[in-house]
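Comments concern the structure below.
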Amino acid sequence: MILGDYDWKHGNVSGAVYYHNQQLIQLLMNVYGKTSYTNPLHSDIFPGICKMEAEVVRITANLFHGGPNTCGTMTSGGTESIMMACKALRDYSFHERGIKRGEIVLPKTAHPAFDKAALYLNMKITHVPVDPITLAVDIHKMRRAISKNTVMLVGSVPNFPYGTADNIEEITALGRKHNIPVHVDCCLGGFLTAFMPAAGFPVPNFDFALPGVVSLSVDPHKFGFTPKGASVVLYADKKYRHHQYTVTTDWPGGVYGSPTVNGSRSGGNIAVCWATLMHFGIEGYIAATKEIISTTKYIEEKLREIEEIYVFGRPITSVIAFGSNKFHIFKLSEVLSAKGWNLNPLQFPSGIHICVTHMHTERGVADRFLSDVKSGVTEIMKLPDRKDLSKGKMAVYGVAQSLPDRSIVGDITCSFLDSLYFTPQHHSNQNGQI
């Protein structure tokens, strides 16, 4: 492969692209089998893996209009990519502006990975309300939230709850005016937005084509269809990426340099990501994007025709969120769950969302979903008490929203996480066997 020329443009896929095709599965099994024990930390032993990571980063940078100086690294997921961007911009602002405790200003719809980063990195975080109609960040309130210690402004394209996009042009204008770097979170839909224009769906400017965008996070393991454990964080220039690195020069074990949170990393994850990009190619991703976005817009259009529900804002990629002023929307979620659909609950206000994937583009799936929504709404509207919460987990979720003491909700969440690690006690027999 020649960097910058890319034999990956055409890939090995023609026509419709399916994530669960046997050809791809067999390919990735073979690739992972050969690379599962490699480790890019030891670049002298595994130069091929390092070259694959460099090519994944360069391909991704080009997709988001990066220039010759645009750079980045692969990470284990969107959360790590976001944490690395926060770390880089925190340290950059400390060295360049002397800011001792950096502050992040971001929409309240931004991913909780930023909150996690603030906790890990001892940064202050300020959540800005969104416009109730567009569900994009209120740019006037974002302006007022900026302080002398603000080290980064954040926008999502799209955000997770509603699938809507923040106005990155307005955010970068703020960033340029106040000399503050802007991070764009494209983890969820980046491998759709990058191909939407070629698929016939224009999107607003949001990436490195805009002056002021300093960093960007995107996950190939979502709509890039690569196995989990593959994300990319990008920077407009190496001067930012250098602040992501951890370098220890005086350790008795030698000079140690690590680009991300992890020291040792799975070379297998890098290899299967690279192989997936090669398999699909630009034409394959354009075809998949066209099918996914077309299906999403079809579902959105039909949902808007159902009088008893409403769609939140204007979804930009594949997430459609909807609620109701006629009944508690969690009731509909329970009905749909019983029919095999898995929708995410939303809060403040209550809502649910569907994330359209390539599986939903198969013949009849979208219409079956819409039919189940319509019949579910009809069934619910026959109930005499429309204010009742739904049953099961949705009832618990509904009650959680009403609790004024959010620490109680936090305690319950911790208990739930504890339960995931529970193992029953077993007694050994006389031979010491369990």
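The values are calculated or read from the model by the stated rules, or taken from the named source; none is laboratory data. This structure is a prediction, so every number in the text was calculated from the model and none was measured. Here the Cβ positions follow ideal geometry from the backbone for every residue, glycine too, while neighbour counts run over all protein chains shown. We work out accessible area using only protein heavy atoms, side chains counted, and drop any ligands, DNA or RNA first. Shrake-Rupley method; radii C 1.70, N 1.55, O 1.52, S 1.80 Å.
Restricting the count to DSSP beta bridges whose residues both fall in the chain, what percent are antiparallel, rounded to a multiple of 5?
About 55 percent, rounded to the nearest 5.
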Can you give the helix-only mean residue ellipticity at 222 nm for the chain, where every DSSP H stretch with n ≥ 4 adds -39500 (n - 2.57) and the sum goes over all residues, rounded to the nearest 500 deg cm²/dmol?
-13000 deg cm²/dmol
Select from the stretch 197-276 those trypsin sites (Lys or Arg not before Pro) which occupy a DSSP coil region and have at most 12 other Cβ atoms within 10 Å, ordered by residue number.
LYS228
Please report, for the Cα atoms of the stretch 122-221, the Rg to one decimal and the Dmax as a whole number; what are they, in angstrom?
13.5, 43
Give the Kirkwood hydrodynamic radius (Å, one decimal) of the stretch 259-386, defined as one over the mean of 1/r across all pairs of different Cα atoms.
16.8
Between rounded, prolate and oblate, where does the stretch 64-124 land on the alpha carbon gyration tensor, with a ≥ b ≥ c its root eigenvalues, rounded for a/c under 1.5, else prolate if a/b exceeds b/c?
oblate
Students often get this wrong: which residues of the stretch 138-154 have the backbone nitrogen under 11 Å from the point 7 angstrom along Cα-to-C-beta of GLU170?
138-143
With N set to the number of residues, divide the alpha-carbon radius of gyration of the stretch 222-333 by 2.2 N^0.38 Å and report two decimals.
1.67
In terms of the Cα gyration tensor, with a ≥ b ≥ c the square roots of its eigenvalues, is the stretch 215-263 rounded because a/c is under 1.5, prolate because a/b exceeds b/c, or oblate?
oblate
Taking a crude spin-label model, label points 7 Å out from Cα along the C-beta direction, the VAL365 to HIS127 distance in nm is 3.2
Rounded to the nearest percent, how much of the accessible area of the chain (1.4 Å probe, protein heavy atoms only) is carbon and sulfur?
55
For ARG304 paired with LYS141, estimate the spin-label separation in nm (one decimal), with each label point 7 Å from Cα along the Cα-to-Cβ line.
2.5
Can you bin the chain into rounded, prolate or oblate? Criterion: square roots of the alpha carbon gyration tensor eigenvalues sorted a ≥ b ≥ c, rounded for a/c under 1.5, prolate for a/b above b/c, oblate for the rest.
rounded
So what's the gap between the Cα centers of the stretch 337-379 and the stretch 142-221, to the nearest angstrom?
28
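About its Cα centre, what dipole magnitude does the chain give when the only charges are +1 on Lys and Arg Cβ and -1 on Asp and Glu Cβ, stated in debye to the nearest 20?
Charge dipole, the chain, about its Cα centre: 620 debye, nearest 20.
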